[in-house]
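A.B. asks: Sharing a structure with you now.
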Amino acid sequence: MTERTERVRVQLTFWQQKLKSLPNKISWQQIYADKAQQDTFDTLLAHLEQLEIVLSEAEQRSKGLKQCYQRLLRQRALLSAFQHIETEDNEASILWLEQQSRDLTLHSSPQTVGETFQHWCQQQYAAWVYTSATLTVAGQFQHFCRQLALDNDETEQLIIDSPFDYQKQSLLYLPTIPVTPQDKTYIDHIIHHSRELIELSLGGTFLLFTSFKTLHQVAEALRDIDNPLFIQGTKPKNVLLDKFRTTSRAVLLGTNSFWEGVDVKGTALSAVLIDKIPFTPPDDPIIQAKIHQIKQQKGNPFTALQIPSAIIQLKQGVGRLIRDYEDYGVLVLCDPRLLNKPYGKLFLRSLPAMPITQDRQHVIDFFEKHQ
């Protein structure tokens, strides 16, 4: 048994080495279309099958061995499902692999959930109420309804005004940045505006990023400031937030997980900066598959998927700023596309009705007013 287990370990390590040159997230079809990758994976499954035979003969010796055998059966069944996938597109599921520092994870995600969700709903005798602060795109529910296969015309819809007075409690600052986010000097502008906001802010500051690369670049550039820095990845999320709440004029740098579900009230947070529109990278395997499906249906994936998804995520990030009636703060959205691209208006119309400025002096005046 030890020998069979070691074979599995060695083969898995060998496969991990072969995957290192590939992106951290990649479509399973892309991997399995490579004959060398396919052979490596098939060999791993063959070793697992041999280990399964040995464990089947030993499972009655102890409760632990029996549990190991049952786990192996489940794992090999799941892996075998990936082995028999055709390299052409699978319409029902999106199969992809994710690499982390020491782990590999194989994922199977549904292409769409609408039909399954509706089938489940129809079996329940109940009324359904969907509620969230981020359901709409530019004041419309079509994107949400389409995802859950709801009839947009037949579904009763209601937008309730926010209880917060955004006109008095907040200010949206759109700084003038002369380059696109793709330009190599864009990071310098993000660093500049981050420093400026931290200096002006009367309380704590959130710097929210769309990638870890940008987060680390900005964090390194801010090492010399006097404000306490709390950086995602250095401590658990809840620990960082607790320290941020209780530390005067702290600065927290975070990515995806800090864009939503984070509640910091009062002067502990009086400024939020977002580096750019949170478009999902086009090489993300789930986005790739959904884009392909929309194109097959003769649709426009940018307007049907990428823009609405980015708007909803941006709204979540923006929602970190004002959490109570007494809160106040400045929101800085650095992406120049909000002003110079036609779709930028959709993003701005989807946000709370904040006063908007491109004048730095207005930011200074806002903070002076709330001193």
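Just so it is clear, none of the values below were taken in a lab; they were calculated from the coordinates. Here the structure is a predicted model, which means the values were calculated and not measured. We place every Cβ from the backbone using ideal geometry, glycine too, and count neighbours over all the protein chains shown.
A.B. asks: List residues of region 288-322, by number, whose backbone nitrogen lies under 14 Å from a label position 7 Å along Cα→C-beta of A138.
C.D. replies: 302-312
A.B. asks: How big is the gap, in Å, between the Cα center of region 13-72 and the Cα center of region 235-297?
C.D. replies: Their Cα centres are 34 Å away from one another.
A.B. asks: With angles folded into 0 to 90 degrees, how steeply does helix 212-221 sit against the dominant principal axis of the chain? Use alpha carbons for both and round to 10.
C.D. replies: The two axes meet at around 50 degrees.
A.B. asks: Right, here's the next one. To the nearest 0.05, how large is the calculated FRET efficiency for R9 and H292 if R₀ is 35 Å and r is the Cβ-Cβ distance?
C.D. replies: For R9 and H292, the calculated efficiency is 0.45.
A.B. asks: Pull up all non-local amide H partners of G329: gap of 5 or more, or a different chain, and H-to-H distance under 5 Å with H placed in the peptide plane.
C.D. replies: Excluding prolines and chain starts, which carry no amide H, the hits are S170, L171.
A.B. asks: Hey, fewest Cβ within 10 Å first, where do R61, R102, R360 land in order?
C.D. replies: R102, R61, R360
A.B. asks: Given an 8 Å cut-off on Cα distances and at least 6 residues of separation, report the relative contact order of the chain as a percent.
C.D. replies: The value is 19 percent.
A.B. asks: With springs only between Cα atoms under 10 Å, which of V113, V332, V218 fluctuates most in a Gaussian network model of the chain?
C.D. replies: It is V113.
A.B. asks: While we're here: Could you tell me what % of all Cα pairs in region 199-278 have separations over 20 Å?
C.D. replies: Percentage above 20 Å: 23.
A.B. asks: Sort 71-80, 141-150, 201-210 for me by packing, meaning the mean count of neighbouring Cβ atoms within 10 Å per residue, highest on top.
C.D. replies: 201-210, 141-150, 71-80
A.B. asks: Nearest 20 debye, what's the magnitude of the dipole of region 96-166 about its Cα centre given +1 on Lys and Arg Cβ and -1 on Asp and Glu Cβ?
C.D. replies: The calculated dipole for region 96-166 is roughly 300 debye.
A.B. asks: Ok, one more. Ordered by residue, what ³J(HN,Hα) values in Hz, to whole numbers, does region 6-14 give under the Karplus form 6.51 cos²θ - 1.76 cosθ + 1.60, where θ = phi - 60° and Gly and Pro are x?
C.D. replies: Here the 3J(HN,Hα) series is 5, 4, 5, 4, 5, 5, 5, 4, 4 Hz.
A.B. asks: Let me ask something else. Counting other beta carbons within 10 Å of each Cβ, put S101, S108, S270 in order, fewest first.
C.D. replies: Ordered from fewest to most neighbouring Cβ atoms within 10 Å, S101, S108, S270 come out as S101, S108, S270.
A.B. asks: Still on this model: When DSSP beta bridges are limited to those with both residues in the chain, what percentage is antiparallel, rounded to the nearest 5?
C.D. replies: For the chain, the DSSP antiparallel bridge percentage is about 35.
A.B. asks: Rounded to the nearest 0.05, what FRET efficiency do K35 and V239 have when you use their Cβ-Cβ distance and R0 = 35 Å?
C.D. replies: Efficiency for this residue pair is about 0.15.
A.B. asks: Right, another one. Which aspartates and glutamates have a Cα lying under 13 Å from the Cα of K276, excluding residues fewer than 8 positions away in the same chain?
C.D. replies: Here the aspartates and glutamates satisfying the reach criterion relative to K276 are D183, D335.
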